[in-house]
Amino acid sequence: QVQLVESGGGSVQAGGSLRLSCAASGSFLSSSVMSWYRQAPGKQRELVASISTTGTRNYADSVKGRFTISRDNTKNTVSLQMNSLKPEDTAVYYCNLRTVAQSAWGEGTQITVSS
């Protein structure tokens, strides 16, 4: 079973930066995709960014050029550097780890961006 623990949430003014981190522990396959999703009030959960074990990255159009996802395979961690934050980035952010055999979620961390 996989456990994911997120850290780094908080509040910031528009234009500011935050960094999220997620640490994975437990038993899981070495080949995985680690992702950040977010869910704003009244909206569906959406993919923000993902990164494979080999470093292939994907971003939602809304965050391209502002967010950067990275991972450390030796530490089983994934991070999301968020710059130029906008009020519309306000949401609960969730870490996800997915392999061919499993999918696990963190509990989520709140990001609030004020204008």
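The values are calculated or read from the model by the stated rules, or taken from the named source; none is laboratory data. None of the values given here were measured: they were computed from a predicted structure. So basically every Cβ, Gly included, is an ideal-geometry build from the backbone, and we count neighbours across all protein chains shown. Areas reflect the complete protein model, heavy atoms only, side chains present, ligands, DNA and RNA absent. Shrake-Rupley method; radii C 1.70, N 1.55, O 1.52, S 1.80 Å.
Annotations for the structure displayed:
- R0 of 35 Å, Cβ-Cβ distance Q3-K64: FRET efficiency to nearest 0.05: 0.70
- Length added when fully stretched, E46-Q102, from 0.36 nm per residue minus Cα-Cα: 18.3 nm
- Surface per residue (accessible, 1.4 Å probe) for the chain, Å²: 53
- Eligible lysines near K86 by straight Cα distance, threshold 28 Å, same-chain separation 8 or greater: K43, K64
- Solvent-accessible area assigned to carbon and sulfur over the chain amounts to 46 percent, based on a 1.4 Å probe.
- Counting every C-alpha pair in the chain, the share spaced more than 26 angstrom apart comes to 14%.
- Magnitude of the charge dipole for the chain, about its Cα centre and with charges confined to Cβ atoms of Lys, Arg (+1) and Asp, Glu (-1), is about 160 debye.
- Gain on full extension, evaluated as 0.36 nm per residue between D72 and A14 minus their Cα-Cα distance, stands at 18.0 nm.
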